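A short write-up of the structure that comes next.
Where a number appears in this text, it was derived from the coordinates with a stated rule and is not lab data. Predicted, not measured: the structure shown is a model, and the values here were computed from it. Virtual Cβ from ideal backbone geometry, glycine too; neighbours counted across all protein chains shown.
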Amino acid sequence: MASPFFDSFLDELEARTEIADTLKRFIRGIDRKDWALALSTYHDDAIDEHGFFNGRADKFLEVVAQHHEHQQHSMHVISNMLIEFTARDRALVETYCLVFQRFGPGAPDVPPATAGVRKIATARYVDRFEARGGQWRIAHRTLVFGDIQSEILDTPVSFPADFVEQRHGSDDFLYKARALMS
């Protein structure tokens, strides 16, 4: 049964799909350092409260871009998404997130004479999504932290030569695969 805010189940399903896809584009933007893509998931006046930064989303992404300059690896895994519509054009969305990041030598908080630091964190995005001009985007985000763990790496992470290694940027295999599909 459709929520009371939509004319049909298909209208609600379309809104749910657009919200989920927006969250997935945000994750891709962060993990591939595609800041324009990440920014496109927010409304122009959106606020992001991330703990280490609280303010406009565009300024938040500028800070995140600086943090990611020292990262060798970033992977955000989202799950357990619950979308609660509060109006035809508004929804409260809670999404669980598991974050894996690796920082190399010379990065802030990486001890000298080590190969780097691996960080794993659990968190939830609690977002207010709004549909404006026919597009569902984040209007306000609060990141709710659950746990964070750090591990000092004694040796660099390496893969066998024939493995396709994930890249933290536009040189990731995804972009080659997309070009081949064109």
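Approximating the spin labels as points 7 Å out from Cα along Cα→Cβ, the D44-to-F9 distance works out to 3.9 nm.
Using the Cα coordinates of region 1-132, the gyration tensor eigenvalues translate into equivalent-ellipsoid semi-axes of 33, 15, 12 Å, sorted from longest to shortest.
Below 8 Å between Cα atoms, with a sequence gap of 6+, how large is the relative contact order for region 60-182 in percent? Let's see the in-between values first.
Values: 219 pairs, mean separation 25.0, N = 123.
Rounded, it is 20 percent for region 60-182.
Convex hull volume per residue, computed on the Cα atoms of region 52-125, equals 104 Å³. Over the residues of the chain, the helix contribution to mean residue ellipticity at 222 nm works out to -8500 deg cm²/dmol, using -39500 (n - 2.57) for each DSSP H run of at least 4. Qualifying GluC sites (Glu not before Pro) in region 103-182, where qualification requires a DSSP coil assignment and no more than 16 other C-beta atoms within 10 Å, comprise E165.
Relative to the compact-globule scaling 2.2 N^0.38 Å, provide the ratio for the alpha-carbon radius of gyration of region 86-182. Write down the numbers at each step before the final one.
Numbers: Rg = 18.9 Å, N = 97, 2.2 N^0.38 = 12.5 Å.
Compactness ratio reported: 1.51.
Between the listed residues W136, I148, T95, the Cα displaced farthest toward the positive end of the dipole of region 9-157, a dipole computed from Cβ unit charges relative to the Cα centre, is found at I148. By how many degrees, between 0 and 90 and to the nearest 10, does the Cα long axis of helix 9-31 differ from the longest principal axis of the chain? The two axes meet at around 20 degrees.
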